[in-house]
1. Rank by packing, highest mean first: peptides 83-94, 42-53, 57-68, with packing defined as the count of other Cβ atoms within 10 Å averaged across residues.
2. Antiparallel as a % of all DSSP beta bridges within the chain, to the nearest 5?
3. Report the semi-axes of the equivalent ellipsoid for the range 73-144 in whole Å, largest first, where each axis is √(5λ) for an eigenvalue λ of the Cα gyration tensor.
4. Kindly rank 170-179, 72-81 from highest to lowest mean number of other beta carbons found within 10 Å of each residue.
5. Please give the length that would be gained between residue 52 and residue 105 if that part of the chain were fully extended, namely 0.36 nm times their separation in residues minus their C-alpha to C-alpha distance (nm, one decimal).
6. Tell me, rounded to the nearest percent, the portion of alpha carbon pairs in the range 157-244 spaced more than 17 Å apart.
7. Starting from the coordinates of the alpha-carbon atoms of the range 12-122, obtain the Kirkwood hydrodynamic radius over all distinct pairs and give the value in Å to one decimal.
8. Starting from the coordinates of the alpha-carbon atoms of the range 1-76, obtain the Kirkwood hydrodynamic radius over all distinct pairs and give the value in Å to one decimal.
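Since every read-out is calculated from the coordinates, none of them should be taken as a lab result. Fair warning: this is a prediction, and the values are worked out from it, not measured in the lab. Every residue, glycine among them, receives a Cβ derived from its backbone with ideal geometry; neighbour counts consider all protein chains shown.
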Ligand code: ADE
């Protein structure tokens, strides 16, 4: 089966609403919803925010369910000017921007693993599912939703993502990330933790990130509302195309 994780309940609500034959397993203060989504066997869970929460969830998923892949879907802050709210980043290499065990290891290097980033699954199928969804986005969703968040011509980009246990909302922090990890397109708080656990257990993974803010002074949008409307509908639209 396929494991699907989101950091917020709101982000997977649309997927949960489309899940059939549901069985709920409760562990570690989380509910794992297994069932059938668009004719595929899946297990859905919301991890809560941050690297520890998402690593614990990923480990539990891998140990308790027979998974062939894991997909993480959620929101992220863009740190490159050409990205806009409503764009989608499909993760290529996942970095932990808050990891620094100098002088024992290089900055960002994961101790023992000898890697500064982990590679996501090869993504042509997910990229084309996302492109397909975005092309029909304005028919698929309520137009007021796009208007409210100023979404005009959403695009998909395959590129690097950096994760850390910090909500980024300053120009200084963006400048630091641009100089230290120049290939990074967006920041979030879980992807690289999911990546590390999946790497250690040899499970292919994908990270889908919908840009919700530009990691600057205006980053505190109404997350719950964005997650509930845009992010949740994107997750449903993208995964519908990917799973069938
Ligand atoms: N998730 C969404 N926006 C974010 C930001 N600005 N920083 C970290 N995680 C995020």
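1. Values: 83-94: 22.6, 42-53: 20.3, 57-68: 18.1.
In descending order of packing, they fall as 83-94, 42-53, 57-68.
2. Values: 22 of 50 bridges.
Once the DSSP bridges in the chain are tallied, antiparallel ones form about 45 percent.
3. Details: eigenvalues 229, 45, 13 Å².
Here the semi-axes work out to 34, 15, 8 Å.
4. 72-81, 170-179
5. Working: separation 53, 0.36 × 53 = 19.08 nm, distance 2.10 nm.
Once the chain is fully extended between residue 52 and residue 105, it gains 17.0 nm.
6. Numbers: 2227 of 3828 pairs.
Every Cα pair in the range 157-244 considered, those over 17 Å come to 58 percent.
7. Numbers: mean 1/r = 0.0604 Å⁻¹.
Every distinct Cα pair counted, the radius reaches 16.6 Å.
8. Working: mean 1/r = 0.0821 Å⁻¹.
Here the Kirkwood hydrodynamic radius works out to 12.2 Å.
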